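Below is one structure, written out as structure tokens; the observations come after it.
The values are calculated or read from the model by the stated rules, or taken from the named source; none is laboratory data. The shown structure was predicted, so the numbers you read here are calculated from the model rather than taken from an experiment. Cβ coordinates were reconstructed from backbone atoms using ideal geometry, including for glycine residues, and neighbour counts include every protein chain displayed. Note: accessible area is taken over every heavy atom of the protein model, side chains too, but ligands, DNA and RNA are not part of it. Shrake-Rupley method; radii C 1.70, N 1.55, O 1.52, S 1.80 Å.
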Amino acid sequence: MTGKKIVILLGPPGVGKGTQGRRLAEERDWRYLATGDVLREGVKVRPALAEAVKSYMDRGELVPDAFVNELVEALLESSDQPVVLDGYPRTLSQAEALDQMTEKIGWQVHSAILMKVNEEELVDRLTARRVCPQCGEIYNLKTQPPQQDDICDRCGQVLIVRDDDKAEVIRRRLSVYQQLTEPVVEYYRRQGRLTEVDASGSPQEVYAKLWQVTINQ
Ligand code: AMP
């Protein structure tokens with residue numbers, strides 16, 4: 001894939017978009033862009049932003065479309081590599097906004113990849129997830145634990161549980177996904193731009209499939 005193109009990773013929270021997207025971007029020399037990460041980072045350093053968006057995030061609700069659309073447009077405008085987009089678009093209105101903004105700034109949405117896993121496994125994965133607050137590395141206590149308990153292999157920081165990885169918020173996030181993001185999957189399917197990948201295997205197995213489906217992109 002050359003130039004200003006985008007691969008969108010779609011799928012419910014916990015399916016592995018972050019783990020896989022980061023690796024894919026690193027190995028292909030693309031830019032990994034996750035709206036959740038950008039918002040979490042922004043909240044840490046900008047009190048005004050924290051006030052505007054943190055309560056949505058802590059409840060497992062979506063931040064308003066207009067806000068996120070503007071953020072993504074600015075990020076795309078500042079990118080000169082192909083982009084792996086994770087966590088956006090999450091509503092039909094965001095998907096339409098993405099088509100409009102990419103046309104306006106001369107980018108193409110190349111394809112959308114739906115990562116699929118059953119709901120029981122998602123909850124298991126989210127409960128076992130630990131993240132590094134410093135470098136963003138993602139671990140799973142069962143399948144991809146750090147070498148030393150609770151310490152990031154990459155940068156030595158103490159790992160944390162994300163605020164929204166608590167049981168009751170997880171349920172809310174899954175229901176928001178079904179209500180608001182599944183229509184986005186249909187949007188790309190109808191346009192023939194969707195590829196589906198079974199994401200229930202080990203991280204290595206899933207990565208091999210993603211590598212294959214993005215090989216010509
Ligand atoms: P994630 O890390 O993708 O699970 O996102 C964490 C939280 O950030 C979500 O539960 C939302 O509150 C917010 N968020 C991330 N991406 C979006 C988006 N595209 N639209 C609205 N809210 C978002």
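Calculated on the Cα set of the range 59-128, radius of gyration then Dmax: 14.4, 41 Å. For the chain, with all protein chains in place and a probe radius of 1.4 Å, 48% of the accessible heavy-atom surface sits on carbon or sulfur. Between Leu141, Leu114, Leu98, the Gaussian network model of the chain with springs among Cα atoms under 10 angstrom shows the greatest mean-square fluctuation at Leu141.
What are the semi-axes of the equivalent ellipsoid for the chain, taken as the square roots of 5 times the Cα gyration tensor eigenvalues, largest first, in whole Å?
Numbers: eigenvalues 121, 86, 65 Å².
After scaling each eigenvalue by five and taking roots: 25, 21, 18 Å.
The tail of the calculated P(r) for the range 85-209, taken as Cα-Cα distances beyond 22 Å, holds 49 percent of the pairs.
A simple charge model with +1 on the Cβ of Lys and Arg, -1 on the Cβ of Asp and Glu and nothing else charged puts the dipole of the range 123-217 at about 260 debye relative to its Cα centre.
Helix content alone sets the calculated 222 nm mean residue ellipticity of the chain: runs of n ≥ 4 DSSP H residues at -39500 (n - 2.57) each, divided across all residues, give -14500 deg cm²/dmol. Averaged over its residues, the chain has an accessible area of 50 Å² per residue, based on protein heavy atoms and a 1.4 Å probe. For the chain, modelled as a GNM with alpha-carbon contacts under 10 angstrom, which of Arg190, Arg31, Arg59 fluctuates the most? Checking each option, the largest mean-square fluctuation is seen for Arg190. Of the two radii for the range 1-125, the radius of gyration is 0.96 times the Kirkwood radius, both from the alpha carbons; that is the Rg over Rh value. Charges were assigned to the Cβ only: +1 to each Lys and Arg, -1 to each Asp and Glu. The resulting dipole of the chain about its Cα centre is roughly 100 debye. The count of lysine pairs in the chain whose Cα atoms are under 15 Å apart, excluding pairs fewer than 8 places apart on the same chain, comes to 6. Comparing Gly11, Gly106, Gly87 in a Gaussian network model of the chain (Cα springs below 10 Å), the most mobile by mean-square fluctuation is Gly106.
When the charge dipole of the range 107-208 is built from unit charges on Cβ atoms (+1 for Lys and Arg, -1 for Asp and Glu) and taken about the Cα centre, the candidate among Gln134, Gly156, Thr195 whose Cα reaches farthest toward its positive end is Thr195.
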